[in-house]
Amino acid sequence: MIRTNKKRLRPRRISPSPDQVVRYGVGLDVHKHVLACCVSAQIRTGEIIAVKIHSFRVSPAGLHEFTNFLQKFRPLHCCLMECTGVYHIPVYHHLQKCYQDTTTRIIAMNPLLLNRRLTDLGTKEDKADARGLASLSLYDQLLRPSYVGDLAFIRLRDSIRSYHRTRIKTTQLINRMKALLDGENLKYAFNFKKEWVLKLLDCFLSHDCTLEEAFQKRIASQTEHGRSITILEMQCNTLGEYATFRLNPPYTVFTFLAFW
């Protein structure tokens, strides 16, 4: 079998003289505890050369060491990293703070946009990724920054996402609950968004009693704790034919307990 080696578009790794360098680019592959860093230089001929590859701890001391390391490479055109969950956020903000008064670009890109480029550059390893990102950081027309907000923005975004996930899950649970009650032919119009309804159903499922008896148990509990019973009394009077409705234990109770 004849094997052909795929040409890899990696920058050559040598040490150019300072007067040859037009600008530097930095590629960062950020993980939970470690970031792999590669510094590439664009020389006057337009060629991109890998100058230095190093790893740092992702900790306050490690990030301080990292920024001190970058001071040796001027002018620094761009620091490029991929959005890796939340791991890139402290690195991104640390660099933004250190280079806020300079022309250095700090860019975090969507991994999907970087994937094809990194695949072309060779094997996906920590230093290979950082090396590819360093090369890519010097191609302005290929860079597509993703928005990285401050901590307040991130907390708000996560809260909104959690809220929507909770709403979806709650709707699914309510629909499941309605289906189980309909399966028992209990068609009373419960408002599952009310807390008192959920507590009533909890009482109804936990005791071998009629629906009216469950109401009376809840009324007694509320009275004992000095809480209002007006709504419970009003709803109890609207039970009609379902006042004497009783679930069939133990199967139905276990069904609902599995649901809860």
Report task. Of the numbered conditions (1) touching a Phe, Trp or Tyr at 6+ places or on another chain (Cβ under 6 Å); (2) free of Cβ contacts under 8 Å to residues at least 40 places away in the same chain, Phe73 fails exactly one; give the number of that condition. Result -> (2)
Query raised in the report: Which ones in the stretch 191-228 are farther than 17 Å from Leu173 by Cα, at pLDDT below 90 and surrounded by 14 or more Cβ atoms within 10 Å (Cβ to Cβ)?
Result: Cys203, Phe204, His207, Cys209
Report task. Just need a number here: residues in the stretch 150-170 that are within 27 Å of Val197 (Cβ to Cβ) and modelled with pLDDT under 90. Result -> 1
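Conditions tested, residue by residue: (1) in contact with a His (Cβ under 9 Å, 6 or more places away or on another chain); (2) over 22 Å from His77 (Cα atoms); (3) small (Gly, Ala, Ser).
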| site | (1), (2), (3) |
| --- | --- |
| Ala134 | no, no, yes |
| Leu143 | no, no, no |
| Ala152 | no, yes, yes |
| Ser159 | no, yes, yes |
| Tyr163 | no, yes, no |
| Thr171 | no, yes, no |
| Phe192 | no, yes, no |
Report task. Select, from Tyr87, Tyr147, Tyr188, Tyr99, the only residue that is within 25 Å of Gly62 (Cα to Cα), at pLDDT 85 or above and either among the β-branched types (Val, Ile, Thr) or open to solvent by less than 70 Å² (accessible area, probe 1.4 Å) (or both). Result -> Tyr99
Query raised in the report: Right, Phe245: of a type outside the set (Ser, Thr, Tyr), in contact with an Asp or Glu (Cβ under 9 Å, 6 or more places away or on another chain), under 19 Å from Asp182 (Cβ atoms) and at pLDDT 90 or above or not?
Result: yes
Requested in this report: Answer with yes or no whether Gly183 is out of contact with any helix residue (DSSP H, G or I) (no Cβ under 8 Å at 6 or more places or on another chain) and at positive phi.
Outcome: no
Query raised in the report: Would you pick out the residues in the stretch 60-74 that are of a type outside the set (D, E, K, R) and open to solvent by 40 Å² or more (accessible area, probe 1.4 Å)?
Result: Pro60, Ala61, His64, Asn68, Gln71
Report summary line: Subset of the stretch 150-175, residues among the polar types (S, T, N, Q) and closer than 30 Å to Gln96 by Cβ, comes to Ser159, Ser162
Query - Residue match in the stretch 108-119 (condition: of a type in the set (S, T, N, Q) and open to solvent by less than 70 Å² (accessible area, probe 1.4 Å)) - result: yes
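The values are calculated or read from the model by the stated rules, or taken from the named source; none is laboratory data. Remember, predicted model here, so these are calculated numbers, not experimental data. Every residue, glycine as well, gets a Cβ built from its backbone with ideal geometry; the counts of neighbours run over all protein chains shown. With ligands, DNA and RNA removed, areas are computed over all heavy atoms of the protein, side chains included. Shrake-Rupley method; radii C 1.70, N 1.55, O 1.52, S 1.80 Å.
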